[in-house]
Structure formats: C-alpha cells, structure tokens
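Enquirer: Sharing a structure below in structure tokens format, with a few things to ask.
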Amino acid sequence: MAIEAVWVCLGIAIWFAAGCLVSYYTRKYVGRGVAEYFIAGRRLSAFPAALTYAATTYSAFMLVGLVGLTYSLGVSAHGFELTYLIGTVVLLAYFAPRIWIAGRLYDCVTPPELLSKRFESKWVGLVATLICVVMIVPYSSVQFMGIGYLCEGLTGGAIPFAIGALIAMIPTLVYAYWAGMRSVAWTDALQGLIMITTSLAALFYVVHTFLGGWGSYFERLSAEASGLLKVNWPLLGSVRESYLGLTIPWFFFALSNPQVFQRYYVPKDVTTLRRMIWGFAIFGFVYTLVSTQFGLICRLLVPGLKVADQAMPTLLATKVPPIVAIIMLVGIMAAAVSTIDSIILTLSSMVGRDVYRAFRPSASEDKELLIGKAFIFVFAIVCYVFALFRPGLIAILSAMASGGMLVIVPSIFATFFWKRATAPAALLGMVVGVVIVGLGYVLGVNPLGRAFNHLGPDSIDGDPMPW
Amino acid sequence: MVVKFLRACFQKYINVKDQIKRASLWALTFATIIVLTFVVPYTILKDVASLWGAYTFWTLLTAITIALVCVFMFRWRG
C-alpha cells in the first residue's frame, strides 16, 4: 500500500517551512566572526543546547537501523544502544566541563583546534581533521540514502530515490548555511521535539490500535517472540560484527565525533552545560526505549522480513494509516537532517580553522569564515553525489567510520590526563590507528566481527541478515 | 588542644585527601556500572526469555547511571 506522493510532499513542506521560520528568526541574532557563526558565540541557552546535542547524536539510524537491529536480534540491540548512552553520559560527566573550560581559555572553535593547541602542533589538528572528513562524509551520505530509500519505498516509487535524497539535502543546506550554529541549534531543537513527539505518539497509537494495549502486547511478545527477549547477539565473533565490536566504538562516540564534541563549547555557563547533559540523557533514554519497542512490535506485526532494515518502512507502508506514516516519515527525516546539518557545519568550520587558518595565520577572520561557509555547500553536494552514485568506497568507509573515528580518542584522553604526551605521540597514535583500521578491513582481519554500516547491518550491500 | 592545632595545620591536606577519596569512589562506581552492563546480561540473564530479564536490567541500569551522573555534576563549580 503506497502513500500518495502529494501528501508526503505536503507533510515535508510543512516541516521544512517551520524549520525555515525558526532559522530565519535566529539569523537576526548572529553577530560577526567565526566563533559567532560556528559555535553561537559560546552563548547558547540550555534548551537549544540540550536538544541540538540530542538531535545531532540521534540520526535516522534510530528508527530505521536500530529498529532493524532489534527486529533481528531482540533485546540485545536495546542493550547495545543503552550501553552507548551509559558510556556517553559518563564521558560527558568527566570530559564536557574540561572541554568547555579549555575551549574558552584557548579560544577554540573546532575539536582538532583543541588538540593543535594542547600539543602545540598544527599537524595534529590537520591529521585529526582529515580523519574526520574521510570517515564522516560517507556516514552523512548514508543518511541521505536512508531518506531516499524511505521516500521511494513509502510512495511506491512516485518519489524516486534521487528526489528523496535531494529533499533531505536542501533543508540541511539551508539550516546550516543561514545562521550557522545558532540556526542549526534552534532548528535541531525543533527537529528534536518532532522526533520525540512523533515517535512516542506513533508508538502509543500502534500499541493501542494493532496490539490491543500494553498488557496484551507484552503477552503476545512473550508468547510469539520470546526468543527475542533473550540475549542472543554473540558477545564476540568474527563473521558479523559482535556485540562488543559494535558497542566499543559507539561507547566513545561523545569524544570521537567532532559534531558532538563541538557542542561542548556552546553552553553559556556551567549550569547550562549541566542542563544540556541532563536534557540529552533524558531524551536519549526515552528515544531509545521507543525505537527498540518499535523493533519488537515490527516482529509481531510484519514478521518474516528478509532484510531487517525494511521493518520500519514496511510497518509504515502496510499497517499504519497514511497520516501516521507521513508523521513518522517527517520524524525520521528530522532525525537525519538534524544530524547531517551539524556534521556539515562542524566539518566546514574545521576546514576553515584547522586547514586554512592553521597554515595561514595571517589570514583574516572574514576570509576564514568565507571558506568555512563555502565548504558547507561543498560538503552538502559531495554527500548528495555520494548518496546518488553510491560508489563502493562509500560502503567501505562508512563501515570503517566508527573504528576509524576511534583513533582520535587516545589523543583526547592525553589532552587532559597525560601531561607528558607530545605532538609526535599524538600524530603517531592517529596515523597508526587509521592504518591498522584500514588494513584490518582490507585484509579481512576482524577480531570483533565484520563492521556494520551506519544505517544498519545490510542497508548498503543489501545482503540478508544471517540471524 | 594539640589535636585541634594539628587538625588546623593539616586541614588542607585532609580536604585534598577527602576529595581524592570521593573522586576515586565516583570513578569506581562508574567503572562498576560499565562492567555490569556487559557481564550481567551475558551471564545471569542470558537465557531469561522475559522482558523482566536483560531488557529491564539494561533499562534500570541506564536510569540509575543518569541519576548518578546528575548527582555527580552538582560537584562542578561555576
């Protein structure tokens, strides 16, 4: 049962218009300078700070990939995502105040800049920037792909893949370019609210309409899919990614990913930083519960799917009324866009600061800003083109991304907890790390299992799940 | 009198020692939680085919961690 493309377009248009209004409103408050554009002048309040952190962290993976993962592996997927959340809040408790203070003391705008200043070497910042760009651009293009597939699937091909991906790209570009971090933060706040309210409302609707309420749903779950309630994801293994293989890289997400790291600079004071972490933790907890519940529900309502990532699209296309499906689609799109616009903004600021300015210290701040803004377009278009043509390299880099980003983490630990760490040590750590990750992937040496890509285990190469 | 004098002399040292002890306790608590996250579901709860098994354990442990981190963050000074 396909949904009329016109209704899908209308839903997306309303969402985009609301985002544009918010973005336009925030534009009035943007002052001059790089810090003002890329980190909102370090003056963001708790509400947008918490929601931009949450919306940036939680992408379309949650309601597509995680639902698919729960569909095939059951509660283990719930454990994986909550272990990630535990790791994140603990790391935030220790690192966020240190990064916040260091950012102010040393006037840092980007995450690699902190490393450059700590190790007194622009090469450290450059290598960190290159690693981030190479690893995260494919991850972003996978998000565009997810939206493209979703639009195509829900409308029965009336909105083709290329247009679906383009529909995600345009808001990304507008929100990131219009007013930088201020626009991204406030539109993320809107997206975050859309994500949580639409997913919660849809969950309650599905449970009450199709499963006869929570009691009946839990009874059916125990009777028909009790296997899913056991811990049946191998802790270690070498064929597919094991539980540890996926959990360990994600555990350090709060430090390894620059788009979330940059958000530690933006709160206006310590109280705001504290509230940002509270808000994120509560959002993440609720959103994870909702997403994994959808995975279990899909197993009851749309059983027997060969490709687990199709669980949510199939549920939306075949079970729920079009209006609910469109609302959910908008929620998933909000999740994807809120992640990509943050990534693109952060990467652009890194090109301006850690590549251009670092090697041309005499360059003006205006020139740096101009280059940063230009790269917002470059990254958005590159991500879209990658999504469109889907070169094989994208699948490889996307799968390598979580491990690849992890190589920056030791340098971040050393920044704060190892006084004697030097620039050559940081450089060597990152370069050797990337070489090992690359070689491991090319030679097929995967002690913790083969890597998943970021939209779930089988969204790029399309091979069916073995579980 | 002597004890009071000594306490006054070493007050700074005692405070630092207390702080280190408190910080270690927090670190140990978080480390224990992280170990439990992996160990308990993969040993005791591995074959419990119920929502009251690993699912509830992970959910409660996360809620507890969030609450503890909230308390931990009150130590931050402005």
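The values are calculated or read from the model by the stated rules, or taken from the named source; none is laboratory data. No experiment lies behind these values; they were computed from the predicted model shown. So basically every Cβ, Gly included, is an ideal-geometry build from the backbone, and we count neighbours across all protein chains shown.
Enquirer: For A:LYS268, only one of the following conditions fails: (1) more than 19 Å from A:PHE210 (Cα to Cα); (2) surrounded by 21 or more Cβ atoms within 10 Å (Cβ to Cβ); (3) not aliphatic (A, V, I, L, M). What is its number?
Expert: (2)
Enquirer: Only one of B:THR43, B:THR37 is over 20 Å from A:ARG98 (Cβ atoms), at the interface with chain A (Cβ under 7 Å from one of its Cβ atoms) and among the β-branched types (Val, Ile, Thr). Can you tell me which?
Expert: None of the other options fit; the residue is B:THR37.
Enquirer: Quickly run through the range A:85-98 and pick out the residues that are surrounded by fewer than 24 Cβ atoms within 10 Å (Cβ to Cβ), within 22 Å of the chain's Cα centre (by Cα) and more than 9 Å from chain B (Cβ to nearest Cβ).
Expert: Scanning the range A:85-98 gives A:LEU91, A:PHE95.
Enquirer: Of all helices (runs of 4 or more DSSP H) completely enclosed by the range A:201-319, which ones contain at least 1 residues that are within 11 Å of chain B (Cβ to nearest Cβ) and under 26 Å from the mean Cα position of the chain (by Cα)?
Expert: The qualifying helices (runs of 4 or more DSSP H) are A:243-251, A:270-301.
Enquirer: Looking only at residues that are surrounded by fewer than 20 Cβ atoms within 10 Å (Cβ to Cβ) and in contact (Cβ under 8 Å) with a residue 40 or more places away in the chain in the range A:110-121, which one is farthest from A:LEU428 (Cα to Cα)?
Expert: It comes out as A:GLU120.
Enquirer: Another question, if that's okay. Please state which one of A:LEU301, A:LEU316 is touching a helix residue (DSSP H, G or I) at 6+ places or on another chain (Cβ under 9 Å) and within 21 Å of A:GLU224 (Cβ to Cβ).
Expert: Residue meeting the stated conditions: A:LEU301.
Enquirer: Looking at the range A:420-447, which of the residues that are assigned to a loop (DSSP other than H, G, I, E, B) and at pLDDT 90 or above is farthest from A:VAL133 (Cα to Cα)?
Expert: Top of the filtered list is A:ARG420.
Enquirer: Among the residues of the range A:294-306, is there at least one that is surrounded by fewer than 18 Cβ atoms within 10 Å (Cβ to Cβ), modelled with pLDDT of 90 or more and of a type outside the set (A, V, I, L, M, F, W, C)?
Expert: yes
Enquirer: Among (1) farther than 30 Å from A:LYS319 by Cα; (2) more than 17 Å from the chain's Cα centre (by Cα); (3) in a helix (DSSP H, G or I), which single condition is A:LEU166 missing?
Expert: (1)
Enquirer: State whether one or more residues within the range A:155-164 are among the polar types (S, T, N, Q), in contact (Cβ under 8 Å) with a residue 40 or more places away in the chain and buried (at least 24 other Cβ atoms within 10 Å of the Cβ).
Expert: no
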